[in-house]
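See below for the structure under consideration.
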């Protein structure tokens, strides 16, 4: 016959990932002719629980290297963009949802520029990113405990065998 004990542990109660593709625009100081390169750096983000959704708030910097003045000069312009993304997750344990849940957000694919166009002296960028979110809550696990099992093993120490004659023999030789 066995008893059961409950162990309270941290567990993932909701998990999901989503790809976001969004268009951004920026206006360089000079009228651009050609975009020579663009890259996204300094991606920062955090998540918060909002009922059955996770709101991810983040930001990143976009650097655009472009030519101007009939492709005779180049410049780099930088702009910081902020975003708020909403993710509705499949919840494994609705009872474990509360305001104390830990929200873990990971960038599964860093923001990258997928497309760039120049239109009316502005640069239009299509940026794609993939975010993964986990909601960590508390869960309970039941385990069986055997009643006939002893909680502690008895340890018996044996006294060492001492040869008293050995000590006498060694002291007489000196």
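Each reported figure results from applying straightforward, stated rules to the coordinates on display, with no laboratory input. What you are looking at is a predicted structure, and each value in this text was computed from that prediction instead of being measured. Here Cβ is always computed from backbone atoms with ideal geometry, including for glycine, and neighbour counts include all displayed protein chains.
The table below lists the values:
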{"quantity": "Extension gain from residue 164 to residue 91, taking 0.36 nm per residue of separation minus the Cα-Cα distance", "calculated": "18.9 nm"}
{"quantity": "For the chain, built as a Gaussian network whose Cα springs stay under 10 Å, the top-fluctuating residue of 120, 52, 44", "calculated": "120"}
{"quantity": "The chain - percent relative contact order, Cα under 8 Å, separation 6 or more", "calculated": "34 percent"}
{"quantity": "Average projection area in nm² (convex hull over Cα atoms of segment 6-47, one quarter of hull surface)", "calculated": "5.8 nm²"}
{"quantity": "Taking the convex hull of Cα positions in segment 11-80, its mean projected area over all directions (nm²)", "calculated": "6.3 nm²"}
{"quantity": "Whole-number percent relative contact order across segment 52-115, with pairs defined as alpha carbons under 8 Å at least 6 apart", "calculated": "34 percent"}
{"quantity": "Convex hull of segment 2-173 built on C-alpha atoms - directionally averaged projected area, nm²", "calculated": "24.7 nm²"}
{"quantity": "Point-to-point label distance, residue 34-residue 71, nm (Cα→Cβ direction, 7 Å offset)", "calculated": "0.4 nm"}
{"quantity": "Angle in degrees between helix 164-173 and the longest Cα principal axis of the chain, rounded to the nearest 10", "calculated": "90 degrees"}
{"quantity": "C-alpha center-to-center spacing [segment 84-132, segment 1-80] in angstrom", "calculated": "7 Å"}
